[in-house]
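Written out below as C-alpha coordinates is the structure these notes cover.
The values are calculated or read from the model by the stated rules, or taken from the named source; none is laboratory data. The structure displayed is predicted, hence computed values, not measured ones. Methodologically, a virtual Cβ is constructed for each residue, glycine included, from the backbone with ideal geometry; neighbour enumeration extends over all protein chains shown.
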Amino acid sequence: MSECLFCRIVAGKLPTTILYEDDRLVAFEDISPRAPTHILIVPRRHVATLNDLAPEDHGLVGEMVWRAAALAKERGIAEAGYRTVFNCNREAGQTVFHIHLHLLGGRTLAWPPG
Ligand code: AMP
Ligand code: ZN
(Lines give C-alpha, C1' and ligand atoms only; values in the text may rest on other atoms or scores of the structure.)
(Ligands and ions follow the chains in the order given, each with its own letter.)
Protein backbone atom coordinates (compact mmCIF):
# COMPACT_ATOMS: atom_id res chain seq x y z
CA MET A 1 0.00 0.00 0.00
CA SER A 2 2.96 2.32 -0.58
CA GLU A 3 0.78 4.60 -2.74
CA CYS A 4 -1.54 5.32 0.19
CA LEU A 5 -0.85 8.81 1.59
CA PHE A 6 -1.38 7.85 5.22
CA CYS A 7 0.60 4.61 4.87
CA ARG A 8 3.47 6.80 3.68
CA ILE A 9 3.05 9.12 6.69
CA VAL A 10 2.90 6.15 9.07
CA ALA A 11 6.11 4.82 7.48
CA GLY A 12 7.83 8.18 8.02
CA LYS A 13 8.13 8.79 4.28
CA LEU A 14 6.33 12.16 4.28
CA PRO A 15 7.14 15.17 6.49
CA THR A 16 4.44 15.52 9.14
CA THR A 17 4.08 16.87 12.66
CA ILE A 18 3.69 13.67 14.66
CA LEU A 19 1.93 14.27 17.98
CA TYR A 20 1.67 10.69 19.22
CA GLU A 21 2.69 7.25 18.03
CA ASP A 22 2.76 3.71 19.32
CA ASP A 23 2.85 0.30 17.71
CA ARG A 24 -0.78 0.59 16.49
CA LEU A 25 -1.59 4.30 16.04
CA VAL A 26 -0.10 7.55 14.76
CA ALA A 27 -1.56 11.04 15.40
CA PHE A 28 -0.46 14.07 13.41
CA GLU A 29 -1.54 17.61 12.53
CA ASP A 30 -3.97 17.93 9.62
CA ILE A 31 -2.19 19.73 6.76
CA SER A 32 -5.24 21.92 6.11
CA PRO A 33 -6.69 22.60 9.57
CA ARG A 34 -10.42 23.42 9.77
CA ALA A 35 -10.18 24.49 13.42
CA PRO A 36 -7.45 25.70 15.83
CA THR A 37 -6.99 22.04 16.81
CA HIS A 38 -7.30 19.62 13.90
CA ILE A 39 -5.53 16.34 14.49
CA LEU A 40 -5.81 13.06 12.57
CA ILE A 41 -5.51 9.74 14.40
CA VAL A 42 -4.78 6.81 12.09
CA PRO A 43 -4.03 3.13 12.56
CA ARG A 44 -0.69 1.89 11.27
CA ARG A 45 -2.57 -0.94 9.58
CA HIS A 46 -4.12 0.05 6.25
CA VAL A 47 -7.93 -0.06 6.45
CA ALA A 48 -9.52 1.84 3.55
CA THR A 49 -12.90 2.79 5.06
CA LEU A 50 -15.00 2.03 8.12
CA ASN A 51 -16.79 -0.51 5.92
CA ASP A 52 -13.55 -2.51 5.77
CA LEU A 53 -13.10 -2.89 9.53
CA ALA A 54 -12.79 -6.48 10.70
CA PRO A 55 -14.23 -7.78 13.98
CA GLU A 56 -10.71 -7.87 15.41
CA ASP A 57 -10.44 -4.10 14.82
CA HIS A 58 -12.88 -3.24 17.64
CA GLY A 59 -10.02 -2.64 20.04
CA LEU A 60 -8.16 -0.55 17.48
CA VAL A 61 -11.11 1.80 16.98
CA GLY A 62 -11.52 2.10 20.74
CA GLU A 63 -7.86 3.07 21.04
CA MET A 64 -8.33 5.72 18.34
CA VAL A 65 -11.24 7.30 20.22
CA TRP A 66 -9.43 7.07 23.55
CA ARG A 67 -6.36 8.72 22.00
CA ALA A 68 -8.48 11.55 20.61
CA ALA A 69 -9.84 12.24 24.10
CA ALA A 70 -6.31 12.16 25.56
CA LEU A 71 -5.03 14.59 22.91
CA ALA A 72 -8.01 16.90 23.54
CA LYS A 73 -7.08 16.98 27.23
CA GLU A 74 -3.44 17.70 26.33
CA ARG A 75 -4.54 20.57 24.10
CA GLY A 76 -6.74 22.02 26.85
CA ILE A 77 -9.94 21.79 24.78
CA ALA A 78 -11.56 18.86 26.56
CA GLU A 79 -13.69 20.90 28.95
CA ALA A 80 -14.86 23.45 26.36
CA GLY A 81 -15.66 20.69 23.87
CA TYR A 82 -14.45 19.11 20.68
CA ARG A 83 -15.66 16.89 17.87
CA THR A 84 -14.44 13.52 16.58
CA VAL A 85 -15.39 12.51 13.05
CA PHE A 86 -14.87 9.53 10.77
CA ASN A 87 -15.90 10.34 7.20
CA CYS A 88 -16.87 7.23 5.27
CA ASN A 89 -16.89 7.24 1.48
CA ARG A 90 -17.85 9.83 -1.11
CA GLU A 91 -21.03 11.41 0.20
CA ALA A 92 -19.43 11.99 3.60
CA GLY A 93 -16.43 13.65 1.97
CA GLN A 94 -13.77 10.99 2.56
CA THR A 95 -10.75 11.91 0.43
CA VAL A 96 -8.02 9.72 1.92
CA PHE A 97 -8.89 6.05 1.86
CA HIS A 98 -7.04 4.97 5.00
CA ILE A 99 -9.32 5.39 7.99
CA HIS A 100 -8.64 8.42 10.17
CA LEU A 101 -10.39 10.01 13.11
CA HIS A 102 -10.54 13.80 12.93
CA LEU A 103 -10.20 15.62 16.26
CA LEU A 104 -11.51 19.17 15.86
CA GLY A 105 -11.74 21.87 18.52
CA GLY A 106 -10.62 25.22 19.78
CA ARG A 107 -13.68 27.04 18.42
CA THR A 108 -17.45 26.67 18.41
CA LEU A 109 -18.39 24.00 15.86
CA ALA A 110 -21.67 24.24 13.97
CA TRP A 111 -24.21 21.42 14.08
CA PRO A 112 -25.34 19.73 11.94
CA PRO A 113 -22.20 19.56 9.78
CA GLY A 114 -22.64 20.52 6.13
P1 AMP B 1 -11.17 13.14 4.81
O2 AMP B 1 -11.72 14.21 3.91
O3 AMP B 1 -12.04 12.78 5.96
O4 AMP B 1 -10.70 11.92 4.02
O5 AMP B 1 -9.88 13.79 5.48
C6 AMP B 1 -8.61 13.77 4.92
C7 AMP B 1 -7.80 14.79 5.66
O8 AMP B 1 -6.43 14.57 5.37
C9 AMP B 1 -8.11 16.23 5.24
O10 AMP B 1 -8.56 16.98 6.38
C11 AMP B 1 -6.78 16.74 4.70
O12 AMP B 1 -6.53 18.10 5.01
C13 AMP B 1 -5.77 15.81 5.38
N14 AMP B 1 -4.51 15.63 4.69
C15 AMP B 1 -4.32 15.41 3.36
N16 AMP B 1 -3.00 15.27 3.11
C17 AMP B 1 -2.35 15.40 4.29
C18 AMP B 1 -0.98 15.38 4.69
N19 AMP B 1 0.01 15.17 3.79
N20 AMP B 1 -0.68 15.55 5.99
C21 AMP B 1 -1.67 15.78 6.89
N22 AMP B 1 -2.98 15.81 6.58
C23 AMP B 1 -3.32 15.63 5.31
ZN1 ZN C 1 -2.93 3.28 3.97
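The C-beta contact set for region 79-97 (first residue closer than 15 Å to Arg34 by Cβ, second residue among the aromatic types (Phe, Trp, Tyr), distance under 7 angstrom, 6+ apart or interchain) comprises Val96/Phe6.
A count restricted to region 93-112 and to residues that are buried (at least 20 other Cβ atoms within 10 Å of the Cβ) and in a loop (DSSP other than H, G, I, E, B) stands at 3.
Report whether or not Thr49 is surrounded by 12 or more Cβ atoms within 10 Å (Cβ to Cβ), among the hydroxyl-bearing types (Ser, Thr, Tyr), under 13 Å from the mean Cα position of the chain (by Cα) and within 10 Å of ligand 1 (Cβ to nearest atom).
Working: surrounded by 12 or more Cβ atoms within 10 Å (Cβ to Cβ): yes; among the hydroxyl-bearing types (Ser, Thr, Tyr): yes; under 13 Å from the mean Cα position of the chain (by Cα): yes; within 10 Å of ligand 1 (Cβ to nearest atom): yes.
Yes.
The residues in region 13-23 that are without any contact (Cβ under 8 Å) to a residue 40 or more places away in the chain and either within 13 Å of ligand 1 (Cβ to nearest atom) or under 18 Å from Thr49 (Cβ atoms) (or both) can be counted, and the count is 6. Checking each residue in region 6-23 for being assigned to a loop (DSSP other than H, G, I, E, B) and away from ligand 2 (no atom under 14 Å from the Cβ) picks out Pro15, Thr17, Asp22, Asp23. The single condition among (1) surrounded by fewer than 18 Cβ atoms within 10 Å (Cβ to Cβ); (2) at pLDDT 95 or above; (3) of a type in the set (S, T, N, Q) that Thr37 does not meet is (1). The number of residues in region 61-85 being within 24 Å of Leu50 (Cα to Cα) and in contact with a Ser or Thr (Cβ under 9 Å, 6 or more places away or on another chain) comes to 7. Might you let me know whether region 59-79 holds any residue that is assigned to a loop (DSSP other than H, G, I, E, B) and within 16 Å of ligand 2 (Cβ to nearest atom)? Within region 59-79, not a single residue is assigned to a loop (DSSP other than H, G, I, E, B) and within 16 Å of ligand 2 (Cβ to nearest atom).
Please verify whether Arg83 is under 15 Å from the mean Cα position of the chain (by Cα), surrounded by 14 or more Cβ atoms within 10 Å (Cβ to Cβ) and not in a helix (DSSP H, G or I), treating the condition exactly as stated. Spelling it out, Arg83 is indeed under 15 Å from the mean Cα position of the chain (by Cα), surrounded by 14 or more Cβ atoms within 10 Å (Cβ to Cβ) and not in a helix (DSSP H, G or I).
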